[in-house]
Amino acid sequence: MRTLAASALAPLGLGLALLLAGCTPALDWRETRLAGSGLAGMFPCQPKPFTREVRLAGQAVALTLAACRADGRTWALAWADLGDPGRVAAALDELRASAAANIGAAGGPVRALPLAVPGATPNPASRREELRGRLPDGEPVIEQVAVFTRGTRVFQLTALGPSLPPEAADTFFASWRALP
């Protein structure tokens, strides 16, 4: 009798397993601590960091960008240490303006969004915004960008894609915190 019951349930179990496999999310969220960033947060894919020199707030700095693609969207964290607290607000404004310019976002942000990064240094230039624009190939794109600071280090979080599901964007932006 047990054998019959087990064999009768086997197709149901197989069907359930196939159904669950079909529902596997395209975003594989994992906590990430990128060396040198001083932050921890969630990425839906494995970011690959690289560093290059850029001009930010009137000086050359090493900017590190860690980015990856998942479910047709790009997820990124960039940071640089300015070494001078007097340059932080200007750098945050430049990071936001650069993000908007990269997608040709005309008219400024579509909407302001909440931003709370535990351990970040309060700064009036810190914010999260949603922008709409186009990629270089002309495809329409939505970008959410957040800029904030901790001491003399500035950060930019970016989510970019043809659409941004609110749950995924909120998971990404709300997960970041400064490390002790």
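The values are calculated or read from the model by the stated rules, or taken from the named source; none is laboratory data. All of these numbers come straight from a predicted model, not from anything done at the bench. Using ideal geometry, Cβ is built from the backbone for each residue, glycine included, and neighbour counts are taken over all protein chains shown. For the accessible areas, the whole protein counts, side chains as well, though only heavy atoms, and no ligand, DNA or RNA atoms are used. Shrake-Rupley method; radii C 1.70, N 1.55, O 1.52, S 1.80 Å.
Of all residues in segment 145-180, those that are in contact with a strand residue (DSSP E or B) (Cβ under 7 Å, 6 or more places away or on another chain), under 17 Å from ARG132 (Cβ atoms) and open to solvent by 40 Å² or more (accessible area, probe 1.4 Å) total 2. Just one residue in the set GLY107, GLY138, GLY83, GLY119 is outside any strand (DSSP E or B), without any contact (Cβ under 8 Å) to a residue 60 or more places away in the chain and open to solvent by 40 Å² or more (accessible area, probe 1.4 Å); that residue is GLY107.
Any residue that is out of contact with any Gly (no Cβ under 6 Å at 6 or more places or on another chain), of a type in the set (A, V, I, L, M), farther than 19 Å from ASP170 by Cα and at pLDDT below 95 - is there at least one of those in segment 31-41? Within segment 31-41 (the criterion being out of contact with any Gly (no Cβ under 6 Å at 6 or more places or on another chain), of a type in the set (A, V, I, L, M), farther than 19 Å from ASP170 by Cα and at pLDDT below 95), the answer is yes, since at least one residue qualifies. Against the definition (open to solvent by 50 Å² or more (accessible area, probe 1.4 Å) and charged (D, E, K, R)), how does ARG132 come out, yes or no? Considered against the rule, which asks whether it is open to solvent by 50 Å² or more (accessible area, probe 1.4 Å) and charged (D, E, K, R), ARG132 comes out as yes. Scanning segment 56-72 for residues that are buried (at least 16 other Cβ atoms within 10 Å of the Cβ) and not in a strand (DSSP E or B) turns up just one, ALA57. Considering segment 36-55, and only residues there that are open to solvent by less than 10 Å² (accessible area, probe 1.4 Å) and part of a strand (DSSP E or B), the residue that is nearest to THR121 (Cα to Cα) turns out to be LEU39. Screening GLY119 with (1) in contact with a helix residue (DSSP H, G or I) (Cβ under 7 Å, 6 or more places away or on another chain); (2) closer than 17 Å to ARG153 by Cβ gives one miss only, at (1). Within segment 13-30, if we keep just the residues that are surrounded by 10 or more Cβ atoms within 10 Å (Cβ to Cβ) and assigned to a loop (DSSP other than H, G, I, E, B), the residue that is modelled with the lowest pLDDT turns out to be PRO25.
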